[in-house]
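Undergrad: One structure follows; several queries about it will come next.
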Amino acid sequence: MNIYADRGNLLVLERRCAWRGIGFELTPSGLGEPLHPDAHDLFYLGGGQDRDQRLCAEDLIETKREALHAAASRDAVVLGVCGGYQLLGHSYALGGDQIPGVALLDVHTVREDGPRLIGNVAIEVALGGDEPTQVLAGFENHGGRTHLDDGQRALGRVLKGHGNDGRGGFEGAMRGNTIGTYLHGPLLPKNVWFADWLIARALGLDPAELAPLDDRLEQQAHLSARRAAGV
Ligand code: GLN
């Protein structure tokens, strides 16, 4: 799935690798195409409409689930955005139907009655280790409400916006290098520090080991996204 500006996320990863002389190869994976868990450092699942998600969910379970689990257990990065996040969980309940997910994250999503959760959003993220708390800013647009099961860590705390379910104050989910978030619009051009964190994790490096880049423009994009969210 790749609506909601998902290509922008991939471009940012590609450019930031290229600027540092890190090789980058993008391999799309369509319906029915198996994944090779050891062939990639980072797996990306984009956003989608409910209709697309049904098709993708079936295929994810049948042809990609095992490989994604194998990749995650050897610490490859798996990033799911919005519809992709929902399908990294256990299920997405929708109009009497239950769309199954690959269950890499202990979350389940329900399309409850009520408005879609739409708007600019900012969250505070503590990725762990010695890394300081940082802000991710983006845009959300989802009908599903995602609930974290006991013991499942959120990606961040909502500063502004709706987050996972519009009421719990948390956004996204994270386990090891598997991350799900509702932030798109797209996410990484507005938060290049997070793109670098993903690149570093995918390569088994500390983010501080990546060569610094001139991020003046990117900083402006980040600040503008934060301002839009009012943070
Ligand atoms: N279809 C899902 C929902 O509305 C995901 C939307 C998205 O990917 N932006 O909840």
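Undergrad: Considering only DSSP states other than H, G, I, E and B, which trypsin sites (Lys or Arg not before Pro) in region 10-97 qualify as loop sites with at most 13 other Cβ atoms within 10 Å? Provide the component values of the computation, followed by the final result.
TA: Working: sites: Arg15, Arg16, Arg20, Arg51, Arg54, Lys64, Arg65, Arg74; in loops: Arg20, Arg74.
In loop regions of region 10-97 (DSSP not H, G, I, E or B), the sparsely surrounded trypsin sites (Lys or Arg not before Pro) are Arg74.
Undergrad: If you take all C-alpha pairs in region 173-231, what percent of them are over 13 Å apart?
TA: Percent of Cα pairs beyond 13 Å in region 173-231: 67.
Undergrad: Name the residue, out of Cys17, Cys56, Cys82, whose mean-square fluctuation peaks in a Gaussian network model built on the chain with Cα pairs under 10 Å.
TA: For the chain, modelled as a Gaussian network with Cα springs under 10 Å, the answer is Cys17.
Undergrad: While we're looking at this one, here's another question. Please compute the Cα-Cα pair-distance distribution of region 130-231 with 10 Å bins starting at 0, giving whole percents from short to long.
TA: Bins of 10 Å from zero give 14, 45, 34, 8, 0 percent of pairs.
Undergrad: What's the Cα-based Rg to Rh of region 1-130, Rh via Kirkwood? Mind dumping the intermediate values first?
TA: Numbers: Rg = 15.6 Å, Rh = 16.0 Å.
Taking Rg over the Kirkwood Rh, I get 0.98.
Undergrad: A follow-up question, please. Provide Rg and Dmax in Å for region 23-96, with only Cα atoms included in the calculation.
TA: Using the Cα atoms of region 23-96, the pair Rg, Dmax is 12.3, 45 Å.
Undergrad: Picking from Pro115, Pro100, Pro37, which is most flexible by a Gaussian network model of the chain using Cα springs under 10 Å?
TA: Pro115
Undergrad: Just to check I understand the Karplus step: with θ = phi - 60° and J = 6.51 cos²θ - 1.76 cosθ + 1.60, what whole-Hz values come out for region 117-126, glycine and proline as x?
TA: So the J values, rounded to whole Hz, are 9, 10, x, 6, 9, 9, 10, 9, 10, 10.
Undergrad: What percent of all Cα-Cα pairs in region 1-63 falls in each 10 Å bin, counting up from 0?
TA: All Cα pairs considered, the percentages come to 18, 47, 29, 7.
Undergrad: How many times 2.2 N^0.38 Å is the alpha carbon radius of gyration of the chain?
TA: So the Cα radius of gyration is 0.95 times the expected 2.2 N^0.38 Å.
Undergrad: What FRET efficiency, computed as 1/(1 + (r/R0)^6) with R0 = 45 Å and r the Cβ-Cβ distance, is obtained for Asp149 and Arg227, rounded to the nearest 0.05?
TA: Efficiency, from the Cβ-Cβ distance: 0.85.
Undergrad: What does the charge dipole of region 57-199 about its Cα centre add up to, to the nearest 20 debye, if the Cβ of each Lys and Arg holds +1 and the Cβ of each Asp and Glu holds -1?
TA: The dipole of region 57-199 has a size of about 280 debye.
Undergrad: Of all DSSP beta bridges in the chain, what percent run antiparallel (nearest 5)? Don't skip to the answer; put the middle values down first.
TA: Numbers: 29 of 40 bridges.
Taking every DSSP beta bridge with both residues in the chain, the antiparallel ones total about 70 percent.
Undergrad: Can you run phi through the Karplus equation (6.51, -1.76, 1.60; θ = phi - 60°) for region 152-157 and list ³J(HN,Hα) in whole Hz, with x for Gly and Pro?
TA: 7, 7, 7, 6, x, 9
Undergrad: Along each of its three principal axes, how wide is the spread of alpha-carbon positions in region 70-109, in whole angstrom units, largest first?
TA: Result, largest extent first: 36, 16, 12 Å.
Since every read-out is calculated from the coordinates, none of them should be taken as a lab result. All of these numbers come straight from a predicted model, not from anything done at the bench. For neighbour counting, all protein chains shown are included, and Cβ atoms are generated from backbone atoms with ideal geometry for every residue, glycine included.
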